[in-house]
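*Asks:* Starting off with a structure, shown below.
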Amino acid sequence: MQPRRTACQEPGPWAWNPIHMSRPPPDDPTAALNQVLSEVIDVVQDVKQAHRKIPETQTLHAELDRLVSDLRIWAQLLIEQDEALGVSPLASMPSVVGRSPANLWPGSPSDGEVRRVIGEHLDMLEQRVAAALKAQDDGRSRAALAEVERGLIAHRRALSEH
């Protein structure tokens, strides 16, 4: 299993926000929501890397297309929820530009290798979502996380069926 990156916890110059949104305390339910968002951003980068490695003619390529699309939708959903709560997600994590994804496959991976690694990343994301769901007391945050959780289950199933 490849080591996961962790999000930077200290804001840098990229965290400036003209709306002056607050940064949640570390034990706040919003912090758990932002941990999910950070993990979603990491997984988007990993899936995009896998997508480039798999030929378009393979079934896995189409599933990776769908997964990237859903991950982007989930990221936007979580960002909108943060904004509704008055929190700037970039105050507690680096933007996509500020991340350096690991090279998961230096060569040409098999479909099985890609399925295994992406499946592991989806499992970790699902665990993060489950923990964040338990921490939430806001109904809209719970609904957003539940939507992500349902989608993750469907994508994990689709990856394992092929």
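*Asks:* If you add up the charges near E161, with Lys and Arg at +1 and Asp and Glu at -1, over every other residue whose beta carbon is less than 11 angstrom from its beta carbon, what do you get?
*Replies:* Its environment carries a net charge of +2.
*Asks:* Something else: Could you give me the percent of Cα pairs per 10 Å distance bin for region 33-162, shortest bin first, beginning at zero and ending with the bin that holds the maximum distance?
*Replies:* The distribution over region 33-162 is 12, 44, 32, 11, 1, given as percents.
*Asks:* For region 40-142, what does the relative contact order come out to in percent, with C-alpha contacts under 8 Å and a separation of six or more?
*Replies:* 36
*Asks:* Using 0.36 nm per residue of separation minus the Cα-Cα distance, give me the extension gain between E147 and S69 in nm, one decimal.
*Replies:* That pair, E147 and S69, stretches by 26.7 nm at full extension.
*Asks:* Let me ask something additional. So, R0 is 25 Å and r is the distance between the beta-carbons of T57 and S108; what FRET efficiency does that work out to, to 0.05?
*Replies:* 0.95
Throughout, read-outs are computed from the coordinates displayed, never taken from laboratory work. All figures in this text were calculated on a predicted structure; none of them were measured in a lab. Here Cβ is always computed from backbone atoms with ideal geometry, including for glycine, and neighbour counts include all displayed protein chains.
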